[in-house]
Amino acid sequence: MLNSLTIAISKGRILDETLPLLEKIGIVPDEDPDKSRKLILGTNQSNVKLIIIRATDVPTYVEYGGADVGIAGKDVLLEHDSSELYEPLDLGIAKCRLMLAEPVQKKSGNGRLRIATKYTTAARQYFTNQGVQVEIIKLYGSMELAPVLGLADKIVDLVDTGNTLKANGLKATETIYHISSRLVVNKAAMKLKREQIKKLITALEKVI
Ligand code: ATP
Ligand code: PRP
């Protein structure tokens with residue numbers, strides 16, 4: 001008898017890119033997750049459930065065992081910064097870069113450099129490694145606005161095509177991290193549901 005397996009996924013990009021991978025390994029949700037208001041979805045495999053949550057909550061649910069496994073961006077995992085999760089597989093989806101960016105027309109600033117970002121842990125680590133003292137201003141979105149309105153000198157944000165930076169008069173200057181989504185696994189589940197989780201990892205490895 002197989003144990004039940006709960007997979008945590010976030011709506012949007014990650015769900016859109018994960019559903020085809022799950023389908024290739026034979027897991028199909030009972031309802032369309034984009035249309036359903038349900039937060040727990042059954043699948044064609046009676047022992048596999050999907051939970052649909054915010055991207056930033058995926059590592060938390062997996063760490064505390066609310067889900068056995070999850071799919072989260074490396075950006076989110078860097079910020080979550082926990083040694084309590086296994087990260088056995090890079091799924092190679094939702095690829096982008098965490099970058100430092102500044103106005104194309106640089107404004108002269110005096111005093112300590114101010115950096116606006118949602119990614120405060122990764123940004124702090126980056127500037128510490130560079131030996132540069134900065135003031136980090138935490139934002140929750142639309143970082144591109146901060147230098148335009150004089151809130152910060154530079155931003156640390158995700159970049160894919162570069163269109164968002166360009167549209168707001170910014171340019172990327174450094175790559176801090178290459179980002180993609182990873183499969184994360186709860187440590188206890190890895191022991192208790194070892195066979196099932198190994199099977200899932202092996203199957204995903206074959207289709208990515
Ligand atoms: P939340 O809704 O919780 O605020 P979010 O808005 O960051 O989360 P998404 O925009 O769906 O959620 O992003 C999910 C993940 O996709 C990010 O954590 C990141 O790893 C990746 N990602 C974000 N922006 C891009 C992009 N422009 N191109 C490719 N991948 C991206
Ligand atoms: C992400 C990220 C950037 C943008 C970069 O935002 O925060 O703003 O994508 O992509 P680009 O280089 O291809 O323009 P997203 O589209 O997820 O919007 P949101 O996070 O602000 O909802």
Could you let me know the centre-to-centre spacing of the stretch 40-54 and the stretch 58-117, using Cα atoms, in angstrom? 25 Å
Fraction of accessible area attributable to carbon and sulfur, the chain (%, probe 1.4 Å): 48 percent
Given the DSSP H assignment, sum -39500 (n - 2.57) over each helix run of at least 4 residues in the chain and divide by its residue total; what's the result at 222 nm in deg cm²/dmol, nearest 500? -8500 deg cm²/dmol
Once exposed loop GluC sites (Glu not before Pro) are cut out (DSSP; at most 16 other Cβ, 10 Å), longest piece of the chain: 85-208
Simple SL model, points at 7 angstrom along Cα→Cβ for T128 and N44; separation in nm is 4.7 nm
If the only charges are +1 at each Lys and Arg Cβ and -1 at each Asp and Glu Cβ, what is the size of the charge dipole of the chain around the Cα centre, to the nearest 20 debye? 180 debye
Could you tell me which of S83, V104, N44 has its Cα farthest along the dipole of the chain towards the positive end, charges placed at Cβ (Lys, Arg +1; Asp, Glu -1), taken about the Cα centre? V104
With every protein chain left in place, what is the accessible area per residue of the stretch 117-174 in square angstrom, probe 1.4 Å? 57 Å²
What distance in nm separates the two pseudo spin-label positions at A167 and K11, each 7 Å out from Cα along the beta-carbon direction? 2.1 nm
Distance (nanometres) between label positions extended 7 Å along Cα→Cβ at R54 and V28: 3.3 nm
Would you grab the residues whose amide H sits under 5 Å from the one on I93? Only those 5+ places off in sequence or on another chain, please, with H modelled 1.01 Å from N. S181
Among bridges DSSP assigns within the stretch 89-208, what percent are antiparallel (round to 5)? 65 percent
Fully extended, how many nm does the chain gain between R37 and S142 (0.36 nm per residue separation, minus their Cα-Cα distance)? 35.1 nm
If R114, R124, R37, R54 are ordered by their accessible area, calculated over protein heavy atoms with a 1.4 Å probe, which sequence runs from highest to lowest? R37, R54, R124, R114
The chain -> Rg/Rh from Cα coords, Kirkwood Rh, value 1.04
In 5 Å bins starting at zero, report the fraction of Cα pairs in the stretch 83-185 per bin as a rounded %. 2, 13, 22, 23, 19, 11, 6, 3, 1, 0
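The values are calculated or read from the model by the stated rules, or taken from the named source; none is laboratory data. Predicted model only: the values in this text are computed from it and were never measured. Neighbour counts are summed over all protein chains in view; Cβ atoms, including those assigned to glycine, are modelled from backbone coordinates with ideal geometry. Areas reflect the complete protein model, heavy atoms only, side chains present, ligands, DNA and RNA absent. Shrake-Rupley method; radii C 1.70, N 1.55, O 1.52, S 1.80 Å.
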